[in-house]
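For reference, the structure is listed below as structure tokens.
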Amino acid sequence: MRIKVRERTARRKRRLMIGIPAALAVAAAGGLAFADVTPPSTPVNGAGSNPSAMVNGAAAPFSMANTAPTMMSNGTLTANLSVTTVRLASAFSFLSPSTNGIPTWTRTVTAVAPNGTLEVAWQASNSIHVTPVNRFLQRSGPDVVINGAQEVGGLVAFNNGFTLLTRIADHNRNGETAAALIHVANNHVVFVVKLTGTASRDTSPVLNGQLAWNGSKYTTYFTVHGTSGSRSGQWGDKMVPVSSSGRVLSGGWEWGCRGDVGRSLSTGSANYAICYDDGGSGASKSSSADQITAGNGSQVVALSAPGPVTYKKNSLTWSVNPRWKTDQVVLVFLSGSHWKTAKSVALTGDQSVQNINVHIAPYGRNAMLASWDSYRNGQYTGTHLRLIDLQGRFLTADLVLTIHVSGNIVVLRNGDLAWAFVQQTPASYHRGGSWPTTTHLFLARLRVSFSGSGSGSTSSPTSGPTSAPMPSPSMSPSPTPSMTMGMSAAPTATSSATVNAGSHW
């Protein structure tokens, strides 16, 4: 593959262009670029946290939803939250419109490679950037930029590259984009596979996607728009399995469900998609919902929903009974073949508060971390973090921060949790026809430990070493990133920009 280096003296940047053969062209002007940006000298501290009253978990009057009980004791709980910053090569429009009138965070996706390094994907004006990050949550090299790509639908990180679910230009009568899976390894495009098109009579002008990798194949799950025939103009969902070499496999489906509350994709050896429907619009343009494999192997889904999951409408769709005036945080515990049974637990219950942007991640073998944003009268009131056990019972009080979660939460090799966010609030509505932008992305790292008598539980991570101290972000300027992906020296400074939030649990 041909490589060309172009110097842009005026901007003091280097950009390495990698050409793509015509058969793999992402767009007319497509390709890959590596944007070289040196991080600032000092990591930015996280926003201060404020104590808040414990969420009482009082559910709306509906017996089919269990309210999360508490298992908190008089033991000692310590939370350590550190934040580092990454300068971006291009402006990132961090807010997007939504159907409920409240701007939503433009999705970023973070993925951990087998060697412990990370990749963070985010949307620029007409491209997707994938930023390499080392295990200290610092930039380790230049961005990979996929020109012409729109929307981050999912990301899988490898030691030598990544695979991205996104949208690219397509030729169809609607002028809409196609869903595509792109694999990059060793600075080269290995494959670009379109997942919609003329043959399947569909497009994907919005993804709301999910991507899973089980070690041998990918599973993609996203929104489609019919272009002709009986599905013309209709919205639906589509699941497409793809081999490690980029070949579309059998076993997927299209127009399987019409859920409007959320869609989720299981992780593990067998990937299976489910959607959640409250009988509203039925447009199947719903946002993706986090689904995790907990420490005991069970599947847990985190929803922002107007009611609990009640029954299964068909093999792919669970019904949500809309019993609450506002969206609450609902955890769905799935079990059985193809998740034929479900139990709902409501983590919130104040119907004067709208709870959205819900995320969940496993924390060791015995706990999970749930996160959500709360709004009262349309005003953002904070991001909530709470540890719960594998039955949905509270292990900690409610920690309210202004450090929010813009995408998924990942588990690092030592069991700590990490996510990407921007240092703004969603109160920054678009003005003058444009949405606000930023040139800094922040990475949060959380470690929580719990000890004492009472519940007998521990919420410290158990998937890796727990006695080693948290790695410290460098306080000194990092060297200019190498043009070779994944190659960077470990930081030598020991200072850490840390917010000790333990007293607020």
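The values are calculated or read from the model by the stated rules, or taken from the named source; none is laboratory data. All of these numbers come straight from a predicted model, not from anything done at the bench. Every residue, glycine among them, receives a Cβ derived from its backbone with ideal geometry; neighbour counts consider all protein chains shown.
Observations on the structure shown:
- THR131 being among the hydroxyl-bearing types (Ser, Thr, Tyr) and either within 22 Å of SER266 (Cβ to Cβ) or part of a loop (DSSP other than H, G, I, E, B) (or both): no
- Matching option when the condition is surrounded by fewer than 17 Cβ atoms within 10 Å (Cβ to Cβ), at pLDDT below 95 and of a type outside the set (Asp, Glu), among GLY209, GLY236, GLY251, GLY256: GLY251
- Condition check for ILE274 on (1) outside any loop (DSSP other than H, G, I, E, B); (2) aliphatic (A, V, I, L, M); (3) at pLDDT 90 or above: one failure, at (3).
- Residue match in segment 360-369 (condition: among the β-branched types (Val, Ile, Thr), under 23 Å from the mean Cα position of the chain (by Cα) and modelled with pLDDT of 95 or more): yes
- Exactly one residue out of SER304, SER344, SER337, SER374 is under 15 Å from ILE274 (Cβ atoms), among the hydroxyl-bearing types (Ser, Thr, Tyr) and not in a loop (DSSP other than H, G, I, E, B): that is SER344.
- Considering residues of segment 395-429 that are farther than 17 Å from GLN291 by Cα, of a type in the set (A, V, I, L, M) and assigned to a loop (DSSP other than H, G, I, E, B) only, the residue modelled with the lowest pLDDT: ALA427
- Summed over segment 292-302, residues that are in contact (Cβ under 8 Å) with a residue 60 or more places away in the chain and over 18 Å from ALA68 (Cα atoms) total 4.
- Residues in segment 188-204 that are buried (at least 20 other Cβ atoms within 10 Å of the Cβ) and either outside any strand (DSSP E or B) or of a type in the set (Ser, Thr, Tyr) (or both): 4 in all.
- Residue pairs meeting the criteria (Cβ under 6 Å; at least 6 apart or on separate chains; first more than 17 Å from VAL145 (Cα to Cα) and surrounded by fewer than 22 Cβ atoms within 10 Å (Cβ to Cβ), in segment 79-94; second β-branched (Val, Ile, Thr) and modelled with pLDDT of 90 or more): none
- The residues on offer are VAL152, VAL120, and the sole one that is closer than 20 Å to GLY246 by Cβ, modelled with pLDDT of 95 or more and part of a strand (DSSP E or B) is VAL152.
- Check on LEU137, at pLDDT 95 or above, part of a loop (DSSP other than H, G, I, E, B) and of a type in the set (A, V, I, L, M, F, W, C): yes
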